[in-house]
1. Scan 153, 142 and give me the residue that is under 17 Å from the mean Cα position of the chain (by Cα), among the charged types (D, E, K, R) and within 17 Å of residue 28 (Cβ to Cβ).
2. Give the residues of segment 11-51 that are assigned to a loop (DSSP other than H, G, I, E, B) and either aliphatic (A, V, I, L, M) or under 30 Å from residue 96 (Cα atoms) (or both), sorted by residue number.
3. Kindly evaluate residue 135 against the criterion of being of a type in the set (Gly, Ala, Ser), surrounded by 14 or more Cβ atoms within 10 Å (Cβ to Cβ) and out of contact with any Leu (no Cβ under 6 Å at 6 or more places or on another chain).
4. Looking at segment 78-104, which of the residues that are touching a helix residue (DSSP H, G or I) at 6+ places or on another chain (Cβ under 6 Å) and closer than 19 Å to residue 157 by Cβ is surrounded by the fewest Cβ atoms within 10 Å (Cβ to Cβ)?
5. Collect the residues in segment 40-49 that are modelled with pLDDT of 95 or more and of a type in the set (D, E, K, R), keeping them in residue-number order.
Amino acid sequence: MLVVTVLVVLATCFLWYMGYFSSLKIEDKEEGGYMVVGKEVIGPYSDVGKHMFDVDNKLRELGINSTKGFGIYYNDPNTTPKEKCRSLVGNIVEIKDLEKIKNLQLDGFKKDSIPVAKAVVSEFPIKNTISYMIGPMKVYPKFSQYMTERNYKPVLSFEIYDMAQKKIIFVMQYSN
């Protein structure tokens, strides 16, 4: 019994440290306006990390360093079979690199932009790699509730991985 109690206490402390029990602040604001370079992926969202590293490594080889990654997630993984989930993942191009990126041929990668639009936005801290699993489990159900209450229709869902600030910014653009 003592072992079970200790394990429960340790698990609770770990989840508290990870931010699982913290309250979420959801904001309505305009979000977007990013130039991105990414890789289109079809398959489980849990597998996109390796593709993000591929994009980041290639851009660094070309002298383009970014502190922000992104993931655009086109399908709801609750209603789409995981092997059919589509995403675009990679790096947000910083203003200083916009001219460089225009002239580059990036075989296998896609240059695109994320337009500015009305969105619900929330942040979650990056403590370690488990943050990338706990964050979505915590944020997306709250987004769903918040948007249903306001009759918002989702248009585009994306996440920004701000490595300098150690946070994930969850964004769900919507229409009324």
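1. It is 142.
2. Within segment 11-51, 24, 26, 32, 33, 48 qualify.
3. Taking the combined requirement at face value, the residue satisfies it.
4. Here the residue is 85.
5. 40
The values are calculated or read from the model by the stated rules, or taken from the named source; none is laboratory data. These numbers come from a predicted model, not from an experiment. As a convention, Cβ positions derive from the backbone with ideal geometry for all residues, glycine included, and neighbour counts pool all protein chains shown.
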